[in-house]
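Structure first, then comments.
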């Protein structure tokens, strides 16, 4: 009787294989866009930093940039139609800066240093780092535009803390959804003995 041998993949490269499966899966792309679109219904300003960070850390560049920009664009369409944002130069500038900030966060997340590509732990560390850096960059951009338009800024520590907590909760939730999806994808790609 011959024993079935299942090939073993070293733990360090197992994450790379899993990440590639998920990053190439259209269902994960669709799910992320759908969650992003739905978030615009819940919040006037969804956590673009969280969506940019997750898109950039879970998708390949060819998909991450369009996904992040699609989430931003759907928010703008929903805002200018259903929420009746004013059609003014200031409003359009704000919307454009939100898009630029989302794009910058996504691009930073796409840098994916080597440590983040080898293990799940490194991946999670990179998500945490990029959310903090992305939050600082995104809010700095918003503060700059606010100062240029009004000559002052309205962002207090209490508001910034609230936005950071919201962004952190969304990031953790999206990362957990990604990990569950990755687990499901890994099981569906297991070789049959």
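The values are calculated or read from the model by the stated rules, or taken from the named source; none is laboratory data. It should be emphasised that the depicted structure is a prediction, and the values quoted were computed from it without experimental measurement. FYI the Cβ positions are ideal-geometry reconstructions off the backbone, even for glycines, and counts take in every protein chain you see.
Observations
- Which listed residue is out of contact with any strand residue (DSSP E or B) (no Cβ under 9 Å at 6 or more places or on another chain), without any contact (Cβ under 8 Å) to a residue 24 or more places away in the chain and not in a loop (DSSP other than H, G, I, E, B), from 34, 55: 34
- In the set 131, 145, only one residue is part of a helix (DSSP H, G or I), in contact (Cβ under 8 Å) with a residue 40 or more places away in the chain and more than 17 Å from the chain's Cα centre (by Cα); that residue is 145.
- Residue 44 being within 21 Å of residue 160 (Cα to Cα), without any contact (Cβ under 8 Å) to a residue 40 or more places away in the chain and assigned to a loop (DSSP other than H, G, I, E, B): yes
- Checked against (1) surrounded by fewer than 18 Cβ atoms within 10 Å (Cβ to Cβ); (2) part of a helix (DSSP H, G or I), residue 86 meets all criteria but (2).
- With respect to the stated conditions, residue 40 is farther than 21 Å from residue 182 by Cβ, touching a helix residue (DSSP H, G or I) at 6+ places or on another chain (Cβ under 7 Å) and modelled with pLDDT under 95.
- Residue count for the range 146-173, restricted to those that are under 22 Å from residue 39 (Cβ atoms) and in contact with a helix residue (DSSP H, G or I) (Cβ under 8 Å, 6 or more places away or on another chain): 8
- Residues of the range 131-161 that are modelled with pLDDT of 90 or more and farther than 14 Å from residue 94 by Cα: 131, 132, 133, 134, 135, 136, 137, 161.
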